[in-house]
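Taking it in order: structure first as structure tokens, then the write-up.
The values are calculated or read from the model by the stated rules, or taken from the named source; none is laboratory data. Because the structure is predicted, anything quoted here is derived from the model rather than measured. Quick reminder, even Gly has a Cβ in these numbers, built from the backbone with ideal geometry, and neighbours come from all protein chains shown. Protein only, heavy atoms only, side chains kept; ligands, DNA and RNA dropped before computing areas. Shrake-Rupley method; radii C 1.70, N 1.55, O 1.52, S 1.80 Å.
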Amino acid sequence: MIEIIPGLQGEIPINGRKGVPFVDGQKKIAASAKHFVGDGGTTRGINDNYTVIDFHGLLSIHMSPYYDAVRKGVATIMVSYSSWNGVKMHRSKELITGFLKNILKFILKLITFMHL
């Protein structure tokens, strides 16, 4: 599904930085990587349910599309309504701030993008 990102947002220029949110002008639209993270692994496949898995499993099974989306310059990432091990994803400082912002540097890059 990440191959749709350049189709929606435009191709990152050859001299452009990979991993930085990019939208090529007014005729393109921002893509969104959904639903961060583990939404596809909820108990019994029920929407807005719990994903019960350890941190290593979450990273190795559910995180790879987000690595790829950030590398492709995705402009937005929507956080899931589901929970990871009993904690609502929207409240997971470990995953949103710790991983998405500090490890993938996504928020920092988005702020840079918005000031262009």
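What dipole magnitude, in Debye to the nearest 20, does the chain give about its Cα centre under +1 on Lys/Arg Cβ and -1 on Asp/Glu Cβ?
I would put it at about 320 debye.
Stick to the Cα atoms of region 14-79, pair each with every other, and give me the Kirkwood hydrodynamic radius in Å at one decimal.
This gives a value of 13.4 Å.
Using just the helices of the chain, give the 222 nm mean residue ellipticity in deg cm²/dmol: DSSP H runs with n ≥ 4 each add -39,500 (n - 2.57), and the total is spread over all residues, rounded to 500. Could the numbers behind the result be given before it?
On the way: 3 runs with 23 residues, N = 116.
Counting only the DSSP helices, I get -5000 deg cm²/dmol.
Per the 1.4 Å probe, what fraction of the accessible area of the chain, in percent, lies on carbon and sulfur atoms? Please list the in-between numbers first.
Working: 4290 of 7320 Å².
The value for the chain is 59 percent carbon and sulfur by accessible area.
With +1 on each Lys and Arg Cβ and -1 on each Asp and Glu Cβ, and nothing else charged, work out how big the dipole of region 18-86 is about its Cα centre, in Debye to the nearest 20.
The calculation lands at about 340 debye.
Stretched out fully, how many nm does the piece from SER32 to ASN47 gain, at 0.36 nm a residue minus the Cα gap?
The SER32-ASN47 span can extend by a further 3.5 nm.
For region 31-53, list residues with backbone N below 20 Å from a point placed 7 Å from the Cα of ASN85 toward its Cβ?
Only 36-45, 48-53 fall inside the zone, counting backbone N under 20 Å.
Which ³J(HN,Hα) values, rounded to whole Hz and listed in residue order, are derived for region 20-30 from phi using the Karplus coefficients 6.51, -1.76 and 1.60 in 6.51 cos²θ - 1.76 cosθ + 1.60 with θ = phi - 60°, glycine and proline given as x?
Here the 3J(HN,Hα) series is 9, x, 9, 10, 8, x, 6, 8, 10, 10, 6 Hz.
Taking every pair of alpha-carbon atoms in the chain, what share in percent sits in each 5 Å bin, from 0 to the bin with the longest distance?
Cα pair-distance distribution for the chain, in percent: 2, 12, 21, 23, 17, 12, 8, 4, 1, 0.
Can you tell me which aspartates and glutamates have their Cα less than 16 Å from the Cα of LYS101? Leave out same-chain residues fewer than eight positions away.
Of all the aspartates and glutamates, those that pass the test against LYS101 - Cα under 16 Å, at least 8 places apart if same chain - are ASP68.
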